[in-house]
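Quick note: the coordinates plus some simple rules give every number you see, no bench work behind them. All values reported here derive from a predicted model rather than from experimental measurement. Cβ placement follows ideal geometry from the backbone for every residue including glycine, while neighbour counts extend to all protein chains displayed.
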Amino acid sequence: MVQTFIVLGIDHRHAFGMTENLQNAGAICLGFFTEGKPETLRGWNKRFPDIPKIKNLKEALDIQCDFVVVACIPADRAEISIAAMKSGKDVMTDKPGCLTQSQLEEIECTVAETKRIWSINFSERFEVPAATKATELIQNGAIGRVIQTVGLGPHRLNKATRPKWFFNPQLNGGILADIASHQIDQFLFYTGSESAEITMAHTANHAMSDHPNFRDLGELSLKSDKASGYIRVDWFTPDGLPTWGDGRLTLLGTKGYIELRKYVDVATPGEMDKVVLVTNDRCEYIDASDEGLPYFESFLSDVKNRTEKAMSQNHCFNVMRLALIAQSLAET
């Protein structure tokens, strides 16, 4: 039986990728609701002309479907996710899935009460074929046990096109809770760590004097009983780069290392999804562009079979908890 979903909020363009990847995995989108007329609406209608708009949130939640995709303003994601779960629907949400520890606790209680799935689409792993290849290599023991990670998440600001909520940490969650959740997810996943301790967290505003509460750079360190890691995220991608950010991940193992050049390889313009693999026996440059994106099919399988193939629920909770702790530490 074909699975169906609705989209609740298109304020972040990640709604586009989630919807398209779910459609590619075989699901059908029955409609979308968004508050007002966000800047993304024109692009959405152009890309998905056959998806009807739903009048209001209540009507959207009353529609019979298997799950919802949530990509509204970050401050509203927890409330909408909880409402969706209480209406009997599983949830795939954009990051950050919530902005406060109290919201996260309420989501955890709702999951326990309703037995629904609350999954955050960590797109810097789930929408990157190079990450799929890295997973295969690590599971096959190519670099031994992963003992340290370095995750870099630079982004282009595109200041003139950003909505007002983007610059308000009360609405967007802050740079560590938002962007760095990707790298925390990758640290826990690739090192096989259930959770971790944030040992350092720092944010700064270096170039946004007109938005004094905004932070354009963030960094953190973390460690678990298995590994340690360093993360840097920022809004300083230069206009000369042909994509939005030179996202990279380095995985140090006991028998070698892997580097993911996810979105661009400056030495070879136009190339992406490259994996560098160096071990005692191999020194390779691997094209991972055809490795696929298993998260979306796995999520549909989880919705159908009530399993945790795409991502364990505890992993999802722990990533968001650590991101919120890092944000709080940086602010204090």
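Checking the structure you have, find out if any residue of the range 222-234 is assigned to a loop (DSSP other than H, G, I, E, B), without any contact (Cβ under 8 Å) to a residue 60 or more places away in the chain and either surrounded by fewer than 16 Cβ atoms within 10 Å (Cβ to Cβ) or at negative phi (or both).
The initial filter retains those residues of the range 222-234 that are assigned to a loop (DSSP other than H, G, I, E, B), namely 224-227.
Then drop every residue that is not without any contact (Cβ under 8 Å) to a residue 60 or more places away in the chain, which leaves 224-225.
Restricting the remaining residues to those that are either surrounded by fewer than 16 Cβ atoms within 10 Å (Cβ to Cβ) or at negative phi (or both) gives 224-225.
Yes, there is a match, as at least one residue in the range 222-234 is assigned to a loop (DSSP other than H, G, I, E, B), without any contact (Cβ under 8 Å) to a residue 60 or more places away in the chain and either surrounded by fewer than 16 Cβ atoms within 10 Å (Cβ to Cβ) or at negative phi (or both).
Please count how many residues of the range 201-245 are within 29 Å of Gly141 (Cβ to Cβ) and either of a type in the set (S, T, N, Q) or out of contact with any strand residue (DSSP E or B) (no Cβ under 6 Å at 6 or more places or on another chain) (or both).
The total comes to 5.
What number of residues within the range 44-89 satisfy the criterion of being over 17 Å from the mean Cα position of the chain (by Cα) and surrounded by 18 or more Cβ atoms within 10 Å (Cβ to Cβ)? Break it down stepwise before answering.
Within the range 44-89, the first condition is being over 17 Å from the mean Cα position of the chain (by Cα), and the residues that meet it are 44-67, 79-80, 82-89.
This time we only want the ones that are surrounded by 18 or more Cβ atoms within 10 Å (Cβ to Cβ), so: 44, 48, 51, 54, 57, 60-61, 65-67, 80, 82-85, 89.
Matching residues across the range 44-89 total 16.
State which residue pairs qualify: first residue surrounded by 18 or more Cβ atoms within 10 Å (Cβ to Cβ) and inside the range 286-304, second residue aromatic (Phe, Trp, Tyr) and not in a helix (DSSP H, G or I) in any location, beta carbons under 8 Å apart, and separation of 6 or more residues or different chains.
Pairs that qualify, where the first residue is surrounded by 18 or more Cβ atoms within 10 Å (Cβ to Cβ) and the partner is aromatic (Phe, Trp, Tyr) and not in a helix (DSSP H, G or I), are Val303/Phe67.
Looking at (1) over 30 Å from Phe67 (Cα atoms); (2) surrounded by 18 or more Cβ atoms within 10 Å (Cβ to Cβ); (3) basic (Lys, Arg), which one does Arg282 not meet, given that it meets all the others?
Result: Arg282 fails condition (2) only.
So in the range 2-17, with the set limited to residues that are part of a loop (DSSP other than H, G, I, E, B) and free of Cβ contacts under 8 Å to residues at least 60 places away in the same chain, which one is surrounded by the fewest Cβ atoms within 10 Å (Cβ to Cβ)? I'd like the intermediate steps shown before the answer.
First, the residues of the range 2-17 that are part of a loop (DSSP other than H, G, I, E, B): 2-3, 9-13.
Restricting the remaining residues to those that are free of Cβ contacts under 8 Å to residues at least 60 places away in the same chain gives 2, 13.
Working: Val2: 8, Arg13: 16.
Of everything passing the filter in the range 2-17, Val2 is surrounded by the fewest Cβ atoms within 10 Å (Cβ to Cβ).
Quick check: is even one residue across the range 172-183 part of a loop (DSSP other than H, G, I, E, B) and surrounded by fewer than 21 Cβ atoms within 10 Å (Cβ to Cβ)? Step through it out loud before you land on a result.
Of the range 172-183, the ones part of a loop (DSSP other than H, G, I, E, B) are 173-174, 179.
With the extra rule that they be surrounded by fewer than 21 Cβ atoms within 10 Å (Cβ to Cβ), the set shrinks to none.
No, the conditions are met nowhere in the range 172-183.
Quick one: which helices (runs of 4 or more DSSP H) lie wholly within the range 55-154 and hold at least 1 residues that are touching a residue at least 60 places away in the same chain (Cβ under 8 Å) and of a type in the set (Phe, Trp, Tyr)? Full working, then the answer.
Numbers: elements: 57-62, 74-86, 101-114, 123-126, 129-139.
The qualifying helices (runs of 4 or more DSSP H) are 123-126.
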